[in-house]
Amino acid sequence: MNSRPRPEGRPVITERPAGRAVELKSPREIEALKRSGKLAAGLLNAVCAEVRAGVATEDLDDLAARWIKERGAQPAFLNYHGFPKTICVSVNNEVVHGIPGPRKIREGDIVSVDVGLFCEGWCGDTARTIPVGEIDPAARKLLEVSERSLREAIAAARAGQRLGDVSNAMQSVAEAAGYNVVRSYGGHGIGRAMHEDPHVPCLGRPGTGLRLEPGLVLALEVMVNAGTEKVTHLPDGWTVLTADGSLSAHFEHMVAVTGSGTEILTEV
Ligand code: MG
């Protein structure tokens, strides 16, 4: 790892082995990201409050679109590489990137809601999986373990630690419970763009990868499958499914690495 200014003087750290520059945010920029993160967290709460049996996933999308517009913000997912809706809603064996539609949510489902928006030019991105009514104990355990996996990853995202420590925290918690983390998707840097470097896999080796520095802002995401880590896709080109039909959970928070610890940006 080496630290060097870009031509415009912005502090960066270089990601190895890729050698790409990872942007560090100033305290003012982190304050702006806290505003967009907080707004995204408010949206996620508003959508999750409406998740119940009988509601169509497109109803949740309509709500999200209105909510964002009323606050003068802009949706981040709509038209992103052609994504047709405002939020992602992924049910049961759907891992991520489910397209809202006429499908009705049922009692006993687990529903992953992923929201993204832009506020004053800064992105906010957060997700969680919630139960619908009474769910199977095995499904409940998957949600608990997946949420804990993200919490441990956040705790590991401190200055001086490496990206591999963060990824390994996710993987260790999931695998200790007999689950598997998804290999082909992960978290990301975030700022004025939704997806910035570095990519943050859900698995990794401790002590490897980028060294974290104050000013680094990451959207940490964990996707945990109850069965195989392998995934397939629906013909819609977006929806990711577990290859064996097992349940999957998804939790995401934006965090800022600071001089004194880690700050979660996506809390209301
Ligand atoms: Mg994300």
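The values are calculated or read from the model by the stated rules, or taken from the named source; none is laboratory data. These figures come from a predicted structure and were not determined experimentally. All Cβ positions, glycine included, derive from the backbone under ideal geometry; neighbour counts span all protein chains shown. Only protein heavy atoms, including side chains, enter the accessible area calculation; ligands, DNA and RNA are left aside. Shrake-Rupley method; radii C 1.70, N 1.55, O 1.52, S 1.80 Å.
Couple of notes before you dig in:
- Residue in the range 206-230 that is most open to solvent (accessible area, probe 1.4 Å), counting only those that are more than 11 Å from the ligand (Cβ to nearest atom) and among the charged types (D, E, K, R): Lys230
- Answer from Lys69, Lys85 - the residue that is in contact with a helix residue (DSSP H, G or I) (Cβ under 8 Å, 6 or more places away or on another chain) and either over 28 Å from Asp244 (Cβ atoms) or crowded, with 17+ Cβ neighbours inside 10 Å (or both): Lys85
- Scanning the range 84-100 for residues that are closer than 26 Å to Ala226 by Cβ and of a type in the set (Asp, Glu) turns up at least one hit.
- Of the set (1) of a type outside the set (A, V, I, L, M, F, W, C); (2) surrounded by 21 or more Cβ atoms within 10 Å (Cβ to Cβ); (3) under 18 Å from the mean Cα position of the chain (by Cα); (4) part of a loop (DSSP other than H, G, I, E, B), all apply to Arg183 but (2).
- Within the range 152-166, residues that are open to solvent by 40 Å² or more (accessible area, probe 1.4 Å) sit with their Cβ atoms under 7 Å from residues that are part of a helix (DSSP H, G or I) and of a type in the set (Gly, Ala, Ser), at 6+ positions apart or across chains, in these pairs: Glu152/Ala169.
- Of all the numbered requirements in (1) within 13 Å of the chain's Cα centre (by Cα); (2) in a loop (DSSP other than H, G, I, E, B); (3) away from the ligand (no atom under 14 Å from the Cβ); (4) among the aliphatic types (A, V, I, L, M), Leu203 misses one, and that requirement is (1).
- Scope the range 96-125; condition open to solvent by 20 Å² or more (accessible area, probe 1.4 Å) and within 14 Å of the ligand (Cβ to nearest atom); matching residues: His97, Phe118
- Residues of the range 156-167 that turn out to be within 16 Å of the ligand (Cβ to nearest atom) and of a type outside the set (Ser, Thr, Tyr), as a count: 3
- Selection count where residues are polar (S, T, N, Q) and within 15 Å of the ligand (Cβ to nearest atom), scope the range 168-187: 1
- Ile190 passes every criterion in (1) at pLDDT below 95; (2) within 16 Å of the ligand (Cβ to nearest atom) apart from (1).
- Restricting the range 233-250 to residues that are more than 17 Å from the chain's Cα centre (by Cα) and under 17 Å from Cys88 (Cα atoms), the residue that is surrounded by the most Cβ atoms within 10 Å (Cβ to Cβ): Leu247
- Given (1) within 16 Å of the ligand (Cβ to nearest atom); (2) open to solvent by 50 Å² or more (accessible area, probe 1.4 Å); (3) out of contact with any Phe, Trp or Tyr (no Cβ under 7 Å at 6 or more places or on another chain), number of the condition Arg128 does not satisfy: (3)
- Residues within the range 40-56 that are open to solvent by 40 Å² or more (accessible area, probe 1.4 Å) and either part of a helix (DSSP H, G or I) or in contact (Cβ under 8 Å) with a residue 60 or more places away in the chain (or both), tallied: 4
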